[in-house]
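See below for the structure under consideration.
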Amino acid sequence: MPVSHPVPPRDAGLFKSDAAASSGGKRSDRCLSSAPSAGRSRMSRDAVVPARIERDIEAIAACSQPATTAGYHRATFSPGWARACDYVLSKAGRLGCRSRRDAHGNLRIRPGGVSWSDRVWLCGSHLDSVPTGGKYDGVSGVVCALELLRIGVPLELVVFAEEEGTGFGTALLGSRSWVGTVSASDLSRMQNDEGRSFLEAGAAFGVDASAMNGDRLAAERYLGFVEVHPEQGASLWKQGRPIGLVTTVNGRRQFRVIMAGRSNHAGSTQMLDRHDALAGAAQAIIEIERIALDLAVESPYTVATVGRIDVGPNEINVIANSATFTVDLRAQTPGSLSRADDLVKKALQEICARRGLGLVIESIEDLPPIPMEETVIDRLEHACVALGLTVPRVPSGALHDAGIVAPYLPAAMIFVASRDGVSHDPAEYTRVEDIALAVRVIAGMLREEEPGPVTKTSR
């Protein structure tokens, strides 16, 4: 069925109907025919314009939700997010591009002369943001793909839905649904702050449970995927490097720890007679930090975070009888991730045994490290050398859509430097010149090598 996406009306002379080309033929496809660049396939050299990229970033930032008091906020399927998508659609429309929404809520754009069955490179990221976020997270990758379309690169721009996870409680839903690791049934249970499920809120943006199985990732339609994203760490900025090539999206294990003690009077219960759940949690949190610091010496980029804690009864004069907190472990290799997991759980058991506390550990998520495709990284590195650049190879501590797509397509990521490593904050900043450089690198990769198939490395 046609997608009810708020694009300029047909009678405005901007879009014309084009035959639906997705599997099942149910998604809408709109194409601008009047632009002189429609269907061009040759890339114009040295045409990347940093000021144009900067205007894109500022325009998308202006699409934030009105209630945002600090920074920028675009929840998936919200009016602000829809306006940001409309902006990208309008700019691509001027190039004569065609667009469609897939059944998973992802926006796709191709040059007018490239059919949906043609095999092309995929490039893009996301436009949703965390509350009080910055201008560059996700947006950098989308505007890179838009600029590549402007200079004539025949690729598919993708805007993945719900990357951040703050809208429906789970990250990377658009890409996960597309590859089939999240089901329509799962999405029906995930709700936003308005109490609407992903399926309900996304219906106006193409989400269609009945069409999902027929609209999954079709590897034969893609040569590979390249995502540009701020590093969200300080490594590149500290080194004075504008960009880096990502080797691995680090694995992640998350679990919930529940420590059970005994409530008692804060004044009359002697210290040696206490079973204080909060004191046990405090000791555990410090120990978790120590474990991560030690492991990071052996395996850089190993990290551990306790980001949330709830205490009961949470009264000033009562010893805590419960402490529930989360643990987030990340590492570059499966071995490092397992070692961190083993050491943390052993420490929790020992602390609770010494303090006479009950212990329950509930798994939340277990994601292995995902390596990027070596052949695509090598191609990007070759393009960097051609531009006179020596770039480092770095892991990604954060999860990204490229990590979801990588098991199915040859995938790579380019990181652009984040000032002081700040992200998910209004102060996040990435130089527009670095973003433009990433565009030049991708364009260079496609210029220097005939865009033939990349063999997916078996793992």
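The values are calculated or read from the model by the stated rules, or taken from the named source; none is laboratory data. Predicted, not measured: the structure shown is a model, and the values here were computed from it. Note: ideal-geometry Cβ built from the backbone for every residue, glycine included; neighbour counts use all protein chains shown.
Just one of (1) without any contact (Cβ under 8 Å) to a residue 60 or more places away in the chain; (2) assigned to a helix (DSSP H, G or I) fails for THR390. It is (2). Only a single criterion out of (1) touching a residue at least 60 places away in the same chain (Cβ under 8 Å); (2) farther than 16 Å from LEU89 by Cβ; (3) surrounded by fewer than 24 Cβ atoms within 10 Å (Cβ to Cβ) is not satisfied by ARG150, namely (2). Listed by first and then second residue, the pairs with beta-carbon distance under 7 Å, at least 6 apart or on different chains, first residue in the range 45-64 and polar (S, T, N, Q), second part of a loop (DSSP other than H, G, I, E, B), are SER64/HIS73; SER64/ARG74.
Can we say LEU223 is touching a residue at least 12 places away in the same chain (Cβ under 8 Å) and outside any strand (DSSP E or B)? I'd like the intermediate steps shown before the answer.
Values: touching a residue at least 12 places away in the same chain (Cβ under 8 Å): yes; outside any strand (DSSP E or B): no.
Against the criterion (touching a residue at least 12 places away in the same chain (Cβ under 8 Å) and outside any strand (DSSP E or B)), LEU223 does not qualify.
Elements of the type strands (runs of 3 or more DSSP E) sitting completely within the range 67-132 and holding at least 2 residues that are in contact (Cβ under 8 Å) with a residue 60 or more places away in the chain: these cover 98-101, 120-126.
What residue, among those in the range 301-316 that are surrounded by fewer than 16 Cβ atoms within 10 Å (Cβ to Cβ) and at pLDDT 95 or above, is farthest from GLY267 (Cα to Cα)? So that I can check it myself, show each step before the final result.
Restricting attention to the range 301-316, the residues satisfying the condition of being surrounded by fewer than 16 Cβ atoms within 10 Å (Cβ to Cβ) are 305, 307-310, 313-316.
Next, only the ones that are at pLDDT 95 or above stay: 305, 308-310, 313-316.
Details: THR305: 33, ARG308: 28, ILE309: 24, ASP310: 23, PRO313: 16, ASN314: 16, GLU315: 13, ILE316: 11 Å.
Checked the range 301-316; the qualifying residue farthest from GLY267 (Cα to Cα) is THR305.
Residue pairs whose Cβ atoms lie under 7 Å apart, separated by 6 or more positions or on different chains, with the first residue in the range 165-194 and assigned by TED's automatic domain parsing to the domain that holds VAL207 and assigned to a loop (DSSP other than H, G, I, E, B) and the second crowded, with 17+ Cβ neighbours inside 10 Å and of a type in the set (Phe, Trp, Tyr), are PHE168/PHE198; MET190/PHE168; MET190/PHE198; ASN192/PHE168.
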